Amino acid sequence: MRKLTYYVGMSIDGFIAAPDGAVEFYPLSESFMKDFLIGEYPDCLPTHVRQHLGVDALENKHFDTILQGRVSYDAALELGITSPYKHLRQYVVSRSVDKSIDPDVEVISGDVAAKVRELKQEDGLGIYLAGGANLAGQLLEEIDELVVKVYPIATGSGVPVFSAEFGVFDFMLESSRTFDNGTIVLTYSKKR
């Protein structure tokens, strides 16, 4: 059975983006980019970024499917990109849009948890949950793994990691790695 992994970056005070959705403030370093973002998780880089970095030929290591919210997808549309993850099977979850503008992107407008359970039953690599907070909150019960990049900054406010009603969901720390830019990557699996 495939896993749903919420792979996300956040500030030390728990925000994944500025109030306006911006994420450009995260500190990167050459070694973090090379060793982790490219070396370990190239599947999570948008196709145009992979091409820019010259790593578009890399095979996917963890994921063959991406699930993202409409607001996350809108960031690509603002750049004129209608298929931001061509190297993955792409799903966009939206209550307001029911038809995709790109044949490589399928819109899910119904029961997203049921769709995730269906996708988990298929053969293949994992499912990358790219966000945002509302979608991650809706899928808390379905998330099998968290890969959290904790950047050494505080923002004071912004978009939280999860936006959901209060509930307790137990995860177990599987690994942690520290990088030269001060980022800590924590990997958790859901306790069953």
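The values are calculated or read from the model by the stated rules, or taken from the named source; none is laboratory data. Source: prediction; values computed, not measured. Note that we place each Cβ from the backbone using ideal geometry, even for glycine, and neighbour counts take in every protein chain shown.
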Apart from one, (1) hydroxyl-bearing (S, T, Y); (2) surrounded by fewer than 13 Cβ atoms within 10 Å (Cβ to Cβ); (3) closer than 23 Å to L37 by Cα; (4) touching a residue at least 12 places away in the same chain (Cβ under 8 Å) all hold for S176; the odd one out is (4)
By residue number, the members of the range 84-107 that are of a type outside the set (V, I, T) and not in a loop (DSSP other than H, G, I, E, B) are R89, Q90, Y91, E106
Pairing a residue in the range 152-170 that is at pLDDT 90 or above and charged (D, E, K, R) with any residue that is surrounded by fewer than 13 Cβ atoms within 10 Å (Cβ to Cβ) and assigned to a loop (DSSP other than H, G, I, E, B), where Cβ atoms lie under 8 Å and the two sit 6 or more apart in sequence or on different chains, gives D170/K191
Restricting the range 6-46 to residues that are of a type in the set (S, T, Y) and at pLDDT 95 or above, the one nearest to V147 (Cα to Cα) turns out to be Y7
Only one of V161, V150 is out of contact with any helix residue (DSSP H, G or I) (no Cβ under 8 Å at 6 or more places or on another chain) and either over 24 Å from H62 (Cβ atoms) or surrounded by 15 or more Cβ atoms within 10 Å (Cβ to Cβ) (or both), namely V150
Go through the residues of the range 104-121 one by one and say whether even a single one is small (G, A, S) and in contact with a strand residue (DSSP E or B) (Cβ under 7 Å, 6 or more places away or on another chain).
no
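Considering only residues that are surrounded by fewer than 20 Cβ atoms within 10 Å (Cβ to Cβ) and touching a residue at least 24 places away in the same chain (Cβ under 8 Å), look in the range 16-29 and name the one that is farthest from G132 (Cα to Cα).
The residue in question is S29.
When the residues of the range 88-129 are filtered to those that are of a type in the set (G, A, S) and at pLDDT 95 or above, which remaining residue is surrounded by the fewest Cβ atoms within 10 Å (Cβ to Cβ)?
Per the stated criteria, the residue is A114.
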Flagged in the range 183-192 as modelled with pLDDT of 95 or more and either in a loop (DSSP other than H, G, I, E, B) or more than 14 Å from Y7 (Cβ to Cβ) (or both), in numbering order, are T183, I184, K190
When every residue in the range 30-45 that is assigned to a helix (DSSP H, G or I) and touching a helix residue (DSSP H, G or I) at 6+ places or on another chain (Cβ under 7 Å) is compared, the one farthest from A130 (Cα to Cα) is I38
